[in-house]
Amino acid sequence: MDVNLIVARQSSSITATTIAEALLYSVGTQREDYTEGLLRRAGFERLDLSASFDLTLAKLLGGRIDLMAISQDVYDRLVREHVPIRRIVVLSVQQLGIACNPSLPAALIARMQSSLDRLRASGEQDRIQQRYGLPPVR
């Protein structure tokens with residue numbers, strides 16, 4: 001599951017609680033990032049596109065943009081690191097998966113799924129997540 005949020009500076013006076021209310025503000029993301037498409041489809045017009053995540057975050061913290069699109073996992077990590085941001089509203093929720101060529105044998109897909117199931121059951125998937133500073137898979 002992949003959850004994307006709209007966040008603001010902790011000190012911001014923005015009180016939006018819906019996407020419709022958030023549309024009134026400038027929102028930043030990275031150029032050609034998938035969140036750019038999510039924002040456009042949601043109706044955001046005041047987009048500020050940057051070359052990198054760090055630049056977008058610096059603009060948010062510096063008050064050059066009002067809001068920022070960010071994944072829940074990255075948000076959680078930044079909050080743990082005491083970055084002064086706060087959640088405004090959920091932008092999207094997506095089920096993640098792996099796309100396979102239609103000609104891939106069903107037996108191979110079943111083996112891939114079985115391997116993933118074993119990683120999850122053993123706790124290895126959560127250990128991999130934690131190694132990269134991400135919370136366990138929900």
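Let's see how each residue does on (1) farther than 25 Å from Thr15 by Cβ; (2) touching a Leu at 6+ places or on another chain (Cβ under 9 Å); (3) exposed (fewer than 10 other Cβ atoms within 10 Å of the Cβ); (4) at pLDDT below 95:
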site	(1), (2), (3), (4)
Arg46	no, yes, no, no
Leu49	yes, no, no, no
Thr56	no, yes, no, no
Leu60	no, yes, no, no
Arg64	no, no, no, no
Ser71	no, yes, no, yes
Where Asp33 falls short, out of the listed (1) farther than 15 Å from Leu91 by Cα; (2) touching a Phe, Trp or Tyr at 6+ places or on another chain (Cβ under 9 Å)
(1)
Tally up the residues in region 31-73 that are in contact (Cβ under 8 Å) with a residue 24 or more places away in the chain and either in contact with an Asp or Glu (Cβ under 7 Å, 6 or more places away or on another chain) or among the small types (Gly, Ala, Ser) (or both), please.
7
Look through Arg41, Arg131 and report the one residue that is under 16 Å from Asp2 (Cβ atoms) and open to solvent by 80 Å² or more (accessible area, probe 1.4 Å).
Arg41
Sole miss for Leu24 among (1) of a type in the set (A, V, I, L, M, F, W, C); (2) surrounded by 15 or more Cβ atoms within 10 Å (Cβ to Cβ); (3) over 26 Å from Gln130 (Cα atoms) is condition (2)
Filtering region 93-128 down to residues that are under 30 Å from Ala42 (Cα atoms), surrounded by 11 or more Cβ atoms within 10 Å (Cβ to Cβ) and polar (S, T, N, Q) yields Gln94
Inside region 73-86, can you point out the residues that are closer than 21 Å to Ser13 by Cα, touching a helix residue (DSSP H, G or I) at 6+ places or on another chain (Cβ under 9 Å) and surrounded by 14 or more Cβ atoms within 10 Å (Cβ to Cβ)?
Leu78, Val83, Ile85, Arg86
Before we move on, is Gln10 touching a strand residue (DSSP E or B) at 6+ places or on another chain (Cβ under 6 Å) and at pLDDT below 95?
no
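The values are calculated or read from the model by the stated rules, or taken from the named source; none is laboratory data. Treat the numbers as computed from the prediction; the structure is a model and nothing was measured. Note: ideal-geometry Cβ built from the backbone for every residue, glycine included; neighbour counts use all protein chains shown. Note: accessible area is taken over every heavy atom of the protein model, side chains too, but ligands, DNA and RNA are not part of it. Shrake-Rupley method; radii C 1.70, N 1.55, O 1.52, S 1.80 Å.
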